[in-house]
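The values are calculated or read from the model by the stated rules, or taken from the named source; none is laboratory data. Note that this is a predicted model, so its numbers are computed, not measured. Here Cβ is always computed from backbone atoms with ideal geometry, including for glycine, and neighbour counts include all displayed protein chains.
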Amino acid sequence: MLANMDHEIYTQLAKTKLLPLYTATDLSCLDKLEEVLIKNDVRFIEVTFRSELAAKAMKKLSASGELTVGAGTVRSLKEAEIAVENGAKFIVSPAVVPEVIDYCLTRDIPVFPGTATPGDIQRALEYGIKVVKFFPADIYGGLKAIKALSGPFYDVQFLPTGGIDKNNFVDYLADAHVIGVGGSFIISEAAIKKDNGITADAALKELVEQLKEN
């Protein structure tokens, strides 16, 4: 089975451009997180499996239907199943994980496999996947590497994460082969906790304004 590249998730991501990567260690922060994201019209969130609270966080953030919640750092079929059971609408992996991809494709769930090399990208293409995570972007050449890879892989779009920040994300998004950028620089639990989300809200607003200006 091949990926459905017309899925609305891809359209939404291409419009929003920002994919916050969020690791939950305190569920009490989630209401404020959701409030800040909705206020700034960034309706995507990738909850990573880097904490034991990941599944609970996905379930809570999915409850209102206001956010498109996905799961990140998905390295196994079990994690993919848990994520979907708890409301995840898309899956992001740090590598090309065949069992995760197969599971997602049979259920028409968008999956973003992590790639860093031409071999990785080619493996994703064999599943019909043409939107891939590029990770870790800064270690593997950043925007320069994406531009080079876009030569032979002219029909692929990239979702770079790793080393993306407020100072360079606009440069990445200026490239036609970049569908969006991901990172904890967009919003994080630490930022939400700092002053009940005031600084996090201001920082996200600034990122959104930068997008509008470019």
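Listed values, structure above:
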{"item": "N167 in a loop (DSSP other than H, G, I, E, B), under 19 Å from the mean Cα position of the chain (by Cα) and over 23 Å from I82 (Cα atoms)", "result": "yes"}
{"item": "Of all residues making up segment 38-56, the number that are among the charged types (D, E, K, R) and surrounded by 15 or more Cβ atoms within 10 Å (Cβ to Cβ)", "result": "3"}
{"item": "Candidates T68, T115, T73, T106 - the one that is under 17 Å from L2 (Cα atoms) and among the polar types (S, T, N, Q)", "result": "T106"}
{"item": "Candidate set from segment 119-136 (those that are out of contact with any Leu (no Cβ under 8 Å at 6 or more places or on another chain) and assigned to a helix (DSSP H, G or I)); member that is surrounded by the fewest Cβ atoms within 10 Å (Cβ to Cβ)", "result": "G119"}
{"item": "Residue in segment 74-85 that is closer than 20 Å to L204 by Cβ and within 16 Å of the chain's Cα centre (by Cα) present", "result": "no"}
{"item": "Any pair with Cβ under 6 angstrom, 6 or more apart, that starts in segment 57-81 at a residue that is closer than 15 Å to E99 by Cα and ends at one that is of a type in the set (S, T, N, Q) and assigned to a loop (DSSP other than H, G, I, E, B)", "result": "V74/S93"}
{"item": "Unmet criterion (only one of (1) under 26 Å from E209 (Cα atoms); (2) in a strand (DSSP E or B)) for A71", "result": "(1)"}
{"item": "Selected residue (criterion: farthest from D175 (Cα to Cα)) from residues of segment 141-164 that are surrounded by fewer than 19 Cβ atoms within 10 Å (Cβ to Cβ) and among the hydroxyl-bearing types (S, T, Y)", "result": "Y154"}
{"item": "Candidates V47, V96, V36 - the one that is in a loop (DSSP other than H, G, I, E, B), among the β-branched types (V, I, T) and either modelled with pLDDT of 95 or more or out of contact with any Pro (no Cβ under 7 Å at 6 or more places or on another chain) (or both)", "result": "V96"}
{"item": "Pair list, Cβ under 9 Å, 6 or more apart: segment 133-146 residue closer than 15 Å to G183 by Cα, other residue of a type in the set (V, I, T) and part of a helix (DSSP H, G or I)", "result": "F134/I121; F134/I146; A137/I146"}
